[in-house]
1. With label points built 7 Å along Cα→Cβ from the Cα atoms of N329 and N572, find their separation and express it in nm.
2. Between E511 and A289, what is the label-point separation in nm under the 7 Å Cα-to-beta-carbon projection?
3. log10 I(q)/I(0), Debye, Cα-only the stretch 304-390, no solvent, q = 0.13, 0.15, 0.16, 0.24 Å⁻¹?
4. Which percent of the accessible heavy-atom area of the stretch 55-95 goes to carbon and sulfur, probe 1.4 angstrom?
5. From the phi angles alone, apply the Karplus equation (6.51, -1.76, 1.60; θ = phi - 60°) to the stretch 97-108 and give each ³J(HN,Hα) in whole Hz, x where the residue is Gly or Pro.
6. Is the shape of the stretch 209-283 best called rounded, prolate or oblate, per the rule: a/c under 1.5 gives rounded, else a/b larger than b/c gives prolate, else oblate, with a ≥ b ≥ c the square roots of the Cα gyration tensor eigenvalues?
7. What is the gain in length, in nm to one decimal, between N107 and E81 on full extension, counting 0.36 nm per residue of separation less the C-alpha to C-alpha distance?
8. As an exercise, use a Förster radius of 51 Å and the Cβ-Cβ distance of T459 and S433 to find the FRET efficiency, rounded to the nearest 0.05.
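The values are calculated or read from the model by the stated rules, or taken from the named source; none is laboratory data. On a predicted model such as this, the values are computed, not experimentally measured, just so you know. Cβ sites come from the backbone with ideal geometry, for glycine too, and all protein chains shown count toward neighbours. Ligands, DNA and RNA are excluded from the accessible area calculation, which covers all protein heavy atoms including side chains. Shrake-Rupley method; radii C 1.70, N 1.55, O 1.52, S 1.80 Å.
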Amino acid sequence: MKKFAIILASALTALSMYATDADGKPVMLLTGASFAVPENGWFEIGCEDMGVTPINKAVSGEAIYHTARRMDNGTFYTTAELDEIDVFVIGHVHNQNVANEQWIKENWEDYQNIATTTDYAVTYDYVIKRYIADCKALKDNPDSRFYGTEDGKPVKIILCTHWHDSRTTYNPAIRKLAERWGFPLVEFDTNIGFSKDDVAAGETQPSIAMAHDTETIGGVKYGWHPLRGSNSHIQRRMAQIFESVAAPVLGIELPFECVLTPLTPLVGAGEQGAVLATFRSGHYPFSVAAAAGDDELNHDTFKDGSLIIEAPATKAGTAFNIKSLTDANGTEAALPGEVKIRVADKAIAPTYDAYIHEAYKEKSFTEEPTLQLKNGDNWGRKIYITFPTDELDPEAETIALRIFFDSYVLGTLTGEKRDMNGIETLELEGNTSTYGSTLKWNNATSHQFEPIAETFLTTSMVKKWIGWDVTDWVKSKIAEGAQNVTFRISTPYRWRSLTNFVATEHATTPELAPQMLFARSAVSGVEEVASENALTVKGSTIFNPACQAVQIYTADGRTVYTGNDSEISVANLAPALYIASTAGRAVKFVR
């Protein structure tokens, strides 16, 4: 009987031919300007999905000639960095003719004016040829892992188009350059899901809705910089397009898949259940057919990165599933199993709820009608909720915390309103401390919290309950004799928009205040196979008696295990929500 202790998936046999970092992961280097800086997210999301270490050296406001100058003076990368880099991604996408051969030299040493030139074609050529030469030179460096090899380090370069098709000078030129060199090309422009040519005269370009500013090219106004952040739909979409090119370069397979996450694992009697569908890999737009219980839902073709599926009628224990999922290329996705939303037997109210405010460090917000959440721009906010343990049910099969998403107020970026166009992560932590009017921003860090779980938030969830499964954590605190359990809710990203949740002091809808729900029936939050060969989770071990092919994902679709071991230890996983799936079923669990 084999046992397997999970670590983050990066030990891929196909990568043994590549250099790796200290953690055993392959390494990708990105150079670029404002479309490539880490604040965007597409490069970092793609590298995380592939189990790759990202080195992002993009600088906002720069151009390819800045990279060339750094290479020329030896400051772009160190020899040690070069030795680790497996793939060099060039993401400078200014609207210039980078394929002009008029001033191109035979060798990189022939360029005498790199320190002063601003010619994009020349500097693109210099950067490519200099990188190739630097890789080859490692064969003569005794400190390099490629020392003594015939050709030095293998050269792998990936080029990129602009994020959509408005830049009619650059996009054709980079295609010509990629063909000339035989380099892979990330074709954002043809795979982004929309085109400038689909717009009738006088209509607004679709790229504008996905950007936080505009630029005018040929008298037409387009979206300029895409909405930033790893929660942004457009960045997640760009990441998937990037992965589809980069993964094969490293020999990595990233299947097109779907994950279903309940908005809240328990609902009250007579309430409607709902799940969030998120996707990994694939090219937009997607065509989805879903079902809730016995009710077939219509096909939905959509271009965003998430989809809310609701039960068409209130039914206890409604099981949700995706019937079919196809991307723009006709690729069929691997489907998740059924996810069942359970009806709670009991609900209790908190004894305390409040939020803290970064801009008012000395003020207590315990009497407000809303619980506010935000991150960024020195106006961050976090939520605190306390329940007494004497009202909790230690015999419950499932215990859930939930809050009601009441409204949101858009934030700003570079002076403009920034839509919450994406998926935000809500982090849940807990401790056994008690709080009151003394809780303020300036003293909140004096209490330590344990991570419990994460869930998602999108604007499509407004006026809905958002919840977490807290069963194991709450039961452990009851067993320890705690008198109270307190939860802290925060968000790690810079969505900038303010989100409001209903507090106990809300005058018109106090019934929507935070709740702890309990369900005693012995049914898990995910429908499992009722057979002796079923995939089951017990403690920190997943039992797979049939040795089926199993994949384990985080809630946002990142793979942490693939294999067919009969017993899989999950003890080393970071605290979070995970999904273990076989060909036809899935099991959700929280570490």
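1. Label at N329, label at N572, 3.2 nm between them.
2. Placing both labels 7 Å beyond Cα along the Cβ direction yields 3.8 nm.
3. Debye curve over Cα of the stretch 304-390, log10 I(q)/I(0) at q = 0.13, 0.15, 0.16, 0.24 Å⁻¹: -0.81, -0.88, -0.89, -1.13.
4. Heavy-atom surface of the stretch 55-95 belonging to carbon and sulfur, 1.4 Å probe: 47 percent.
5. Residue by residue, the stretch 97-108 yields 7, 7, 10, 5, 9, 4, 10, 6, 9, 5, 10, 5 Hz.
6. oblate
7. 7.0 nm
8. 0.95
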